[in-house]
Every structure is written in C-alpha cells, then in structure tokens.
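A.B. asks: Structure below; questions to follow.
The values are calculated or read from the model by the stated rules, or taken from the named source; none is laboratory data. No experiment lies behind these values; they were computed from the predicted model shown. Positions of Cβ are generated from backbone atoms using ideal geometry, with glycine treated the same way; all protein chains shown enter the neighbour counts.
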Amino acid sequence: MGNTEQLGQLPTEARNPRSERLDELSTLDMLRVINDEDATIAAAVRDALPQIAAVVDAVASRFEQGGRLFYVGAGTSGRLGVLDASECPPTFSVEPGLFVGLIAGGDSALRKSSEKSEDSPEAGRIDLEAFGLTEADSLLAIAASGRTPYVLGAMAAAKAAGALTVALTCAGPTVSRMGETAQIAIELATGPEVLTGSTRMKAGTATKLVLNMISTGVMVRRGAVFGNLMVNVQATNAKLVDRARRIIAAATGCSGDDAAGLLEAAGSVKVAIAMRVLGVNRVTADARLAGVKGNLRAVLASG
C-alpha cells in the first residue's frame with residue numbers, strides 16, 4: 001500500500017452507519033452511540049492477546065540483554081506512546097532511557113499538532129538512529145492506518161540495526177506496510193470511528209489498552225511487581241508516600257505505623273518488605289535484592 005492510495009478503503013476511514021445521524025441526536029443519545037462503539041474495543045484487543053503476549057516476552061527478554069523499548073508514532077499514536085513511556089519511570093522506578101517515546105514533529109507536537117511531520121520517512125529514520133540502536137533494542141511502531149511514512153522510516157532504521165520491530169495498527173488483518181515490515185504485528189480490528197476518520201477515538205482507546213498491557217506485562221516479567229503491588233513505586237510526593245506505606249503493609253501484614261517506619265528506614269518499598277519478612281537489615285536486604293536483579297519474590301522465596 002502506498003502512502004495515500006487506497007487510504008479511503010481502510011476500515012478506520014470508513015463511515016460508520018451507526019453514527020450517520022450523529023448531529024441530529026440528543027446529547028444523551030449521541031453519547032450512547034459513542035459509548036456503544038467504545039464497548040466493542042475490549043473484544044478487539046482480546047483477539048490480539050497472543051500477539052501482545054509475544055511482544056511482552058520478546059521485549060522482556062531483550063531488557064535482560066540491556067535493551068530499550070522505543071515507541072514511535074505520529075499524532076494521537078505518537079502522543080499515546082510518549083505518555084506510556086513517560087509513566088514507566090515513576091511507576092516502576094526504571095531509568096527514563098529504558099522506555100523512550102518519539103513523536104513526529106518532536107516534543108512540541110505533544111501540545112501543538114504537526115500533521116505534516118508524519119509524511120517524512122527520513123525524519124523517522126533520523127530520529128531513531130540518534131539513539132544508537134542495537135540488536136537488544138525493541139521498536140513499537142504505532143499507527144492506526146498501518147502506513148504512516150514517519151513510522152515506516154523508523155521501522156527501517158530499527159530493522160537495519162537488528163532490533164525487534166513490532167507494529168501496532170487498528171485497521172484489522174489487512175495488508176499494511178507496517179504489518180508486512182514488522183517481526184510481530186498486532187493488528188486490531190477497531191472498525192469505523194463514530195466521527196469518520198477520527199482515530200483518536202476507538203483506535204486511540206484500543207492503542208492505550210495495548211500499551212498498558214505491554215509496558216505493565218514487561219515489568220511484571222522483569223520482577224517489578226509483587227502480586228499486584230507496585231513494589232517499585234517511587235515515593236516522591238505525599239500521595240506516593242502514602243501508597244508506598246500501604247503497599248508495605250499489604251505485603252507484610254504490618255500496621256500502617258510500622259510500614260511508615262520501615263519505609264523511612266529502608267528508603268524503598270522493596271527493601272522495606274525484604275527487611276520485614278526476612279528479618280534482616282537494610283544493607284543485607286539491598287545486597288540480596290541486587291543479587292537477583294531486584295526480584296522481590298525471588299528474594300523472599302530464598303528465605
């Protein structure tokens with residue numbers, strides 16, 4: 001598929017018969033139409049779970065080799081990628097360079113639309129090559145249509161470097177250039193939008209769901225989660241300090257006051273839990289966690 005030819009034939013560009021009279025509906029009925037369409041998204045994502053699982057395992061494996069995960073997109077897709085990447089450091093205490101979000105037009109495009117920027121494959125290539133990709137890295141290329149030139153340029157750069165290439169599209173199992181190029185293709189069938197062609201809606205919602213799964217799944221596999229507790233959370237403000245104390249209490253069964261004291265003594269949630277459960281001091285807890293790359297479950301299982 002070329003850059004623009006046959007674009008109008010994509011499911012994401014089709015007119016939705018269920019919303020053809022949108023402007024004639026009452027506000028409540030209009031919102032019901034939007035809500036009904038949104039309700040179809042979870043099923044579309046569920047159909048792609050095997051591919052999403054493959055991505056989680058592949059990226060987690062490359063992280064073990066010192067790799068990084070790059071998100072690349074334009075417009076809504078780019079903003080969602082940058083959002084997911086930027087939320088990983090505070091949630092999982094990873095360095096900012098582990099998850100990297102790139103958007104066509106640069107960071108200014110996060111606030112001010114830069115639609116023309118997506119038409120340059122060369123810009124996508126240059127932006128990604130600036131990070132010095134290696135075979136351990138992974139690229140998550142995002143575009144509802146599956147044919148955005150900027151993203152395709154980035155995919156070419158990743159492929160040349162031997163990095164893992166993943167395509168996340170929303171036009172279903174159609175023949176797309178991104179799907180053909182990628183080693184793993186997540187091809188969601190989100191269907192026509194309520195507002196024709198406005199892929200910030202259903203396609204955007206589906207994209208956010210998948211990105212949540214991938215980043216969370218990778219960090220679960222990496223040992224950054226204990227049960228369903230964010231044991232890597234950074235206690236950097238009052239809300240997060242309170243959350244950290246509650247996590248410690250939940251994981252150890254201690255009181256809130258004891259959890260507060262443990263957090264102060266340990267400096268982090270994981271160390272606090274290890275200290276309490278194993279009955280060791282901070283230095284020992286730190287050392288044992290370092291020996292298993294921070295995997296709290298592994299430390300506690302070792303006794």
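A.B. asks: Going residue by residue through segment 37-59, is there one that turns out to be assigned by TED's automatic domain parsing to the domain that holds V151, on the phi > 0 side of the Ramachandran plot, at pLDDT 95 or above and not aromatic (F, W, Y)?
C.D. replies: There is no residue in segment 37-59 that is assigned by TED's automatic domain parsing to the domain that holds V151, on the phi > 0 side of the Ramachandran plot, at pLDDT 95 or above and not aromatic (F, W, Y).
A.B. asks: Please enumerate the residues belonging to segment 69-79 that are touching a strand residue (DSSP E or B) at 6+ places or on another chain (Cβ under 7 Å) and assigned to a helix (DSSP H, G or I).
C.D. replies: Within segment 69-79, S77, G78, R79 qualify.
A.B. asks: When residues of segment 111-129 are filtered for being loosely packed, with under 15 Cβ neighbours inside 10 Å and within 10 Å of A157 (Cα to Cα), how many remain?
C.D. replies: Residues in segment 111-129 being loosely packed, with under 15 Cβ neighbours inside 10 Å and within 10 Å of A157 (Cα to Cα): 2 in total.
A.B. asks: Can you name every residue in segment 250-271 that is buried (at least 17 other Cβ atoms within 10 Å of the Cβ) and either in contact with a helix residue (DSSP H, G or I) (Cβ under 7 Å, 6 or more places away or on another chain) or part of a helix (DSSP H, G or I) (or both)? Step through it out loud before you land on a result.
C.D. replies: First, the residues of segment 250-271 that are buried (at least 17 other Cβ atoms within 10 Å of the Cβ): 251-252, 254, 259-260, 262-263, 266, 268-271.
Correct list: A251, T252, C254, A259, A260, L262, L263, A266, V269, K270, V271.
A.B. asks: Further, regarding this structure: Given R79, R15, which one is in contact (Cβ under 8 Å) with a residue 24 or more places away in the chain, of a type outside the set (V, I, T) and in contact with a Ser or Thr (Cβ under 8 Å, 6 or more places away or on another chain)?
C.D. replies: One residue alone meets the criteria, R15.
A.B. asks: Shifting gears a bit: Output the number of the condition that N212 fails; it satisfies all remaining conditions of (1) free of Cβ contacts under 8 Å to residues at least 40 places away in the same chain; (2) assigned to a helix (DSSP H, G or I); (3) not aromatic (F, W, Y).
C.D. replies: (1)
A.B. asks: Scan segment 217-230 residue by residue and report those that are surrounded by 19 or more Cβ atoms within 10 Å (Cβ to Cβ) and either touching a His at 6+ places or on another chain (Cβ under 7 Å) or assigned to a helix (DSSP H, G or I) (or both).
C.D. replies: Answer for segment 217-230, where residues must be surrounded by 19 or more Cβ atoms within 10 Å (Cβ to Cβ) and either touching a His at 6+ places or on another chain (Cβ under 7 Å) or assigned to a helix (DSSP H, G or I) (or both): V218, M219.
A.B. asks: Which numbered condition trips up V241, out of (1) β-branched (V, I, T); (2) surrounded by fewer than 17 Cβ atoms within 10 Å (Cβ to Cβ); (3) under 21 Å from the mean Cα position of the chain (by Cα)?
C.D. replies: Here V241 clears every test but (3).
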